[in-house]
There are 2 protein chains.
Amino acid sequence: MSTLKGACIIGQSGGPSSVINCSAYGVIKTALEDPNITKVYGAYHGIKGVLGGQLMIMDEEDPAELERMLYTPSSALGSCRYKIADPDDDETDYKRILEVFQQYNVRYFFYNGGNDSMDTCEKISRYMAKVGYECRVIGVPKTIDNDLMGTDHCPGFGSAAKYIATTFMEVLRDAHVYDTGMICVVECMGRNAGWLTAASALAGLHHEGPDLIYLPESDFEMDKFVADVSGRFSKTGDCIVAVSEGIHYADGTFVADAKTSENDGFGHAQLGGLASMLASILKEKTGAKVRGIELSLLQRCAAHLASGTDIQEAFQAGKAAVEAALAGHTGKMVGFECDRSNGGYVCNTKLVDLNKVANFEKKYPKMWINAEGNHVTQGFIDYCLPLIQGETGMVKVNGLPRFAQFRREFVK
Amino acid sequence: MSTLKGACIIGQSGGPSSVINCSAYGVIKTALEDPNITKVYGAYHGIKGVLGGQLMIMDEEDPAELERMLYTPSSALGSCRYKIADPDDDETDYKRILEVFQQYNVRYFFYNGGNDSMDTCEKISRYMAKVGYECRVIGVPKTIDNDLMGTDHCPGFGSAAKYIATTFMEVLRDAHVYDTGMICVVECMGRNAGWLTAASALAGLHHEGPDLIYLPESDFEMDKFVADVSGRFSKTGDCIVAVSEGIHYADGTFVADAKTSENDGFGHAQLGGLASMLASILKEKTGAKVRGIELSLLQRCAAHLASGTDIQEAFQAGKAAVEAALAGHTGKMVGFECDRSNGGYVCNTKLVDLNKVANFEKKYPKMWINAEGNHVTQGFIDYCLPLIQGETGMVKVNGLPRFAQFRREFVK
């Protein structure tokens, strides 16, 4: 291992989560405490902040505010959705990044995000190696979608899963309150992977979970769906259904397609409005009282209901990234490997090659979908349950959260 | 005061809340402990359970499960929306109720709900007096809408207010995460009264509240709304807006009217879909990235985020109802009177005549709306803030709530 003295940058990218700031805090705190890291910069709005020279000096922030990052949702440094070119095609952005790195003697770069962010990370790592600028680049995983390769699970998923399971329990109580019965369709995020929607099944541990669950990993058939729901409703007088925003027909068309109108910076379709569409169809077919609920942003920002395990693991991921970089690693992402044998749960960090992560998606496994394609199996429950354990340590002021507030001292 | 020995019935009615069961528990616990109350019955699905002779024997339930009612959302005894006839027009239901009361020697009747439930309560009280059957009838208030007359505030409101304020803080963090800006419209419940929507302003205590708030107590003008939002958005690049489901034009037409398709049992229009409608209009007018979020059932069932003050006061309301009945009162509703002088907060119960409550609605006061009609004033913050203080004591099992589960032993 070679000692490398210099500044570090931490940036956040992509859709936020309840615990993305725990990882950033893990990076910042560990970096601030290490003598080899001379300065800790926060890239304002991710890589766009690097390109624009907007670097927040984290050394100047109040340590008490930094610690509040553990209980502050969304990206406290600001996020972006910026698709960086391939360095072999267009070096413009990389030359600018190199210039900024050189100007502030940045020797450590940490990027906190999902698949697309790991792609950015991998490209920067590759470019710096190519031009011979010594900079250690480590990715810190984040995504509520839980779809990153090379890791048992992703920081952010456990908290969203806990929010979804808790919300299903509460909504089920509400939806079953009258003797007249009701069909309730709840839409969860997860464009291409069903992990989040599957998490609704955890509510079943206390017998208050959804009757039916539809994931993007099974092709959707409207007739089968209507028959499933009607069957359940006519039997019990109630039905609560979890659907992923990304459910699609066998030809790949999203069920919500009629509602697709916008694209994000990466060309992903923005989905929404599916729950009310399905609720209308069910109303027409069954005549039942129906309600469509979209969990929307709430499932990814409800820090008040974050998982204690997730908070702690997200912090560890950030800490491990800095330790790995100090130990000489680069071009890696921190991942988790977990041991669930004998009903226990031990989670350790490991390092994964960035090029084995970037641009891949880890789907929800088919073996954890039931034969009917409308619920999950025990295997998933055993996998997911440890991730939602423990509560947040969020301190409230006047009955409300008090999130981190930064001074935002930028470099000149 | 005359001693009256006999059984009691507690029933729940109308839309549920996070703490309606705290009030029911206040009734049940106090009644179980009093020697004059010989048996405690829970009416299954409110007055419909009385009419159908479906009475749960609460004495048979596990005391530990009863105590869990403090942390269990929605009506644990089941609710109904049943419009009872006026006894002067049609005595059918009352004769049946009297029959059940006589059969089980019911001398105490407690009804836990909102305006319509107090109406039911008042009519039963009047009928029993008319026919000379001695039965003490006391209403226990509940409504997240906070629109009951004769009380400083309603149990259920504080918890919904805390949920709404917390959610606005979290959503604001999420909506502001990118540098590209966004307009976010969040729809809150409150058909005719703006209390819940106004509660979003509490998030402003930590500078994370909505930019604009629209209540049903001000006539809505679409042009003014678009101008307000556009103005704010062009100035700061972001805008978060709270709207009540019940906003309406000067002629009384609901803005959400196009979406109105159903009625509940009382002839109230069921509203919804307003947020996405307004978001589409704003997108068309501004070209900004927009998102519409409907808080839907979540705002009234999120027991995990209930206000500790609300839980305690809701319990007190139930307890006070039993104590008042035992002391000889009838035809009353329990209300709160609060002293907020010198920045303090003391809340005591009182008794209000049911006929001063039934079928009235307490609107949000105009003096607490700003001159522009698009935000609230400090007076409301001072009123509302004490109501959201303190946290729930909810115990979790396996990282999830464990709600009350009843045996449901019915009378033969």
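For the residues of B:204-214, the average number of beta carbons from a partner chain within 10 Å of their own beta carbon is 2.
Can you compute the FRET efficiency between B:ASN370 and B:SER280 using 1/(1 + (r/R0)^6), with r the Cβ-Cβ distance and R0 = 35 Å? Round to the nearest 0.05.
Working: r = 27 Å, r/R0 = 0.76.
Plugging the Cβ-Cβ distance into 1/(1 + (r/R0)^6) gives 0.85.
The mean number of Cβ atoms from other chains found within 10 Å of a Cβ in peptide B:175-187 is 5, as a whole number.
Is the shape of segment A:56-119 best called rounded, prolate or oblate, per the rule: a/c under 1.5 gives rounded, else a/b larger than b/c gives prolate, else oblate, with a ≥ b ≥ c the square roots of the Cα gyration tensor eigenvalues? Please report the intermediate quantities before stating the final value.
On the way: a/c = 3.25, a/b = 1.57, b/c = 2.07.
Here segment A:56-119 falls in the oblate category.
Could you check what % of the DSSP bridge pairs in the protein assembly as shown are antiparallel, to the nearest 5? Before the final figure, lay out the partial values.
On the way: 34 of 102 bridges.
Around 35 percent antiparallel, to the nearest 5.
Taking other Cβ within 10 Å of each residue's Cβ, how do A:HIS176, B:HIS304 sort, fewest first? Please report the intermediate quantities before stating the final value.
Details: A:HIS176 21, B:HIS304 25.
Ascending number of Cβ neighbours within 10 Å: A:HIS176, B:HIS304.
Helix A:308-326 and the longest principal axis of the C-alpha atoms of chain A enclose an angle of approximately 30°. Taking the longest Cα principal axis of chain A as reference, the axis of helix A:115-131 is set at about 20 degrees. Highest GNM mean-square fluctuation among A:VAL243, A:VAL177, A:VAL334, for chain A modelled with Cα contacts below 10 Å: A:VAL177. The C-alpha atoms of chain B define a longest principal axis, and helix B:274-286 lies at about 10 degrees to it. What the Cα atoms of chain B give is an Rg and a Dmax of 22.2, 71 Å. Kirkwood's formula applied to the C-alpha pairs of segment B:235-392 gives a hydrodynamic radius of 19.6 angstrom.
For segment A:135-207 versus segment A:1-64, the inter-centroid distance based on Cα atoms is 29 Å.
Could you compute the FRET efficiency for B:LEU4 and A:ASN398, with r as their C-beta to C-beta distance and R0 at 45 Å, rounded to 0.05? Don't skip to the answer; put the middle values down first.
Numbers: r = 45 Å, r/R0 = 0.99.
E(calc), rounded to 0.05, equals 0.50.
Please check: in the Gaussian network model of chain B (C-alpha springs, under 10 Å), which one of B:PHE315, B:PHE168, B:PHE360 has the largest mean-square fluctuation. Highest fluctuation of the listed residues: B:PHE360.
With neighbour counts taken as other beta-carbon atoms within 10 Å, the residues A:GLU337, A:GLU372, A:GLU313 rank, fewest first, as A:GLU372, A:GLU337, A:GLU313.
For peptide B:393-406, compute the average count of partner chain beta-carbon atoms within 10 Å of each residue's beta-carbon.
On the way: counts 0, 1, 0, 6, 2, 8, 17, 13, 8, 4, 7, 1, 3, 0.
Per residue, the number of nearby Cβ atoms from other chains is 5 on average.
Indicate, rounded to the nearest 5 percent, the antiparallel portion of the DSSP beta bridges found entirely in chain A. Rounded to the nearest five, the antiparallel share is 35 percent.
Using a simple spin-label model with points 7 Å from Cα along the Cα→Cβ vector, what separation in nm is obtained for B:LYS130 and A:ARG408? Roughly 6.6 nm, to one decimal.
From most to least packed by mean Cβ count within 10 Å, the peptides B:33-46, A:112-125, A:280-293 give A:112-125, B:33-46, A:280-293. Ranked by how many other Cβ atoms sit within 10 Å of their own Cβ, fewest first, the residues A:LYS142, A:LYS235 fall in the order A:LYS235, A:LYS142.
What is the ratio of the Cα radius of gyration of segment B:1-102 to 2.2 N^0.38 Å, with N the residue count, to two decimals?
Working: Rg = 14.3 Å, N = 102, 2.2 N^0.38 = 12.8 Å.
Compared with the compact-globule rule of thumb, segment B:1-102 sits at 1.12.
Rg/Rh for segment A:41-198 stands at 1.11; both radii use Cα atoms, and Rh follows the Kirkwood definition.
Taking 51 Å as R0, compute the FRET efficiency from the Cβ-Cβ separation of B:GLU221 and A:ILE57 and round it to 0.05. Before the final figure, lay out each step's value.
Numbers: r = 46 Å, r/R0 = 0.91.
The pair B:GLU221/A:ILE57 has a calculated efficiency of 0.65.
In this simple spin-label approximation, B:ARG191 and A:HIS207 carry label points 7 Å from Cα along the Cα→Cβ vector, and these lie 3.3 nm apart. With N as its number of residues, segment A:158-261 has a Cα radius of gyration that, divided by 2.2 N^0.38 Å, comes to 1.07. Over all Cα atoms in the protein assembly as shown, the spread is summed up by Rg and Dmax: 27.9, 97 Å.
Name the most mobile residue of B:VAL106, B:VAL397, B:VAL185, meaning the one with the largest mean-square fluctuation, in a Gaussian network model of chain B with Cα contacts below 10 Å. Largest GNM mean-square fluctuation: B:VAL397.
Among residues other than B:ASN348 with Cβ under 11 Å from its Cβ, the summed charge is -3 (Lys and Arg +1, Asp and Glu -1).
Throughout, read-outs are computed from the coordinates displayed, never taken from laboratory work. The model shown is predicted, which means the values in this text are computed figures rather than measured ones. Please note: Cβ atoms are built from the backbone with ideal geometry, for glycine as well, and neighbour counts cover all protein chains shown.
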